[in-house]
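The values are calculated or read from the model by the stated rules, or taken from the named source; none is laboratory data. Given the structure is predicted, the values throughout are model-derived calculations rather than measurements. No Cβ is skipped: glycine too gets one built from the backbone with ideal geometry, and neighbour counts run over all protein chains shown. Keep in mind that these areas ignore ligands, DNA and RNA; they rest on the heavy atoms of the full protein, side chains included. Shrake-Rupley method; radii C 1.70, N 1.55, O 1.52, S 1.80 Å.
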Amino acid sequence: QVQLVESGGGLVQPGGSLRLSCAASGFTFSGYSMSWYRQAPGKERELVAVISSAGITGNYADSVKGRFTISRDNTKNTVYLQMNSLKPEDTAVYYCKASRRIDYWGQGTQVTVSS
C-alpha cells in the first residue's frame, strides 16, 4: 500500500523556520522524483519545489527561491522541505507528491505563519 505521510507543519511567527518531512512507503522511493506543493485557502494548488530521483533540485517557485530548500534521503525514504524566513503568504496546506509513470499524493500538513 502506497503511503506518503507529511509532518512538521504548525504555527510559526513571521521570519521563523520549519522543516517539513514526507515519509514514503509502498513503492520504490529512489526511483521517483519528489515534489512539494502548497494550497492556500481559495487558491489553486501550486508547485513549490522539485527534486529528481538522483537528488538534483530544481523548479523552485519564484516566491520561495532563496528561502526554501528541498532535499531527500533515499536511505530513509523521506523528502524534506526546509523553510526559512517564513512569511504570512506562505500559509497553506503543504503536500508532497511522488512522480514517475503515475503520481502519488500525501494528505498534507498545515503551515500557518502568523504573529
* Look at segment 8-57 and say how many of its residues are closer than 25 Å to Ser115 by Cβ and assigned to a loop (DSSP other than H, G, I, E, B). => 11
* Is at least one residue of segment 67-74 part of a strand (DSSP E or B), in contact (Cβ under 8 Å) with a residue 60 or more places away in the chain, open to solvent by less than 30 Å² (accessible area, probe 1.4 Å) and over 17 Å from Ala40 (Cβ atoms)? -> no
* Asked: Before we move on, is Val64 buried (at least 18 other Cβ atoms within 10 Å of the Cβ) and over 23 Å from Ile102 (Cβ atoms)?
  -> yes
* Asked: Pick from Ser33, Ser25, Ser52: which is within 14 Å of Thr78 (Cβ to Cβ) and open to solvent by 30 Å² or more (accessible area, probe 1.4 Å)?
  -> Ser25
* Structure fact -> The residue from Ala49, Ala40 that alone is at pLDDT 95 or above and over 17 Å from Ala98 (Cβ atoms) is Ala40
* Asked: If you scan segment 32-59, which residues turn out to be closer than 15 Å to Cys22 by Cα, among the aliphatic types (A, V, I, L, M) and more than 8 Å from the chain's Cα centre (by Cα)?
  -> Met34, Val50, Ile51
* Structure fact -> So, first residue hydroxyl-bearing (Ser, Thr, Tyr) in segment 76-89, second residue part of a loop (DSSP other than H, G, I, E, B), Cβ within less than 7 Å, six or more apart or across chains; the pairs are Ser85/Gly15; Ser85/Arg67
* Structure fact -> Of the conditions (1) touching a Leu at 6+ places or on another chain (Cβ under 9 Å); (2) open to solvent by less than 40 Å² (accessible area, probe 1.4 Å); (3) closer than 17 Å to Trp105 by Cβ, the single one that Leu18 does not satisfy is (3)
* Structure fact -> Considering segment 81-99, residues that are open to solvent by 30 Å² or more (accessible area, probe 1.4 Å) and assigned to a strand (DSSP E or B), and then whichever is nearest to Arg19 (Cα to Cα), we arrive at Gln82
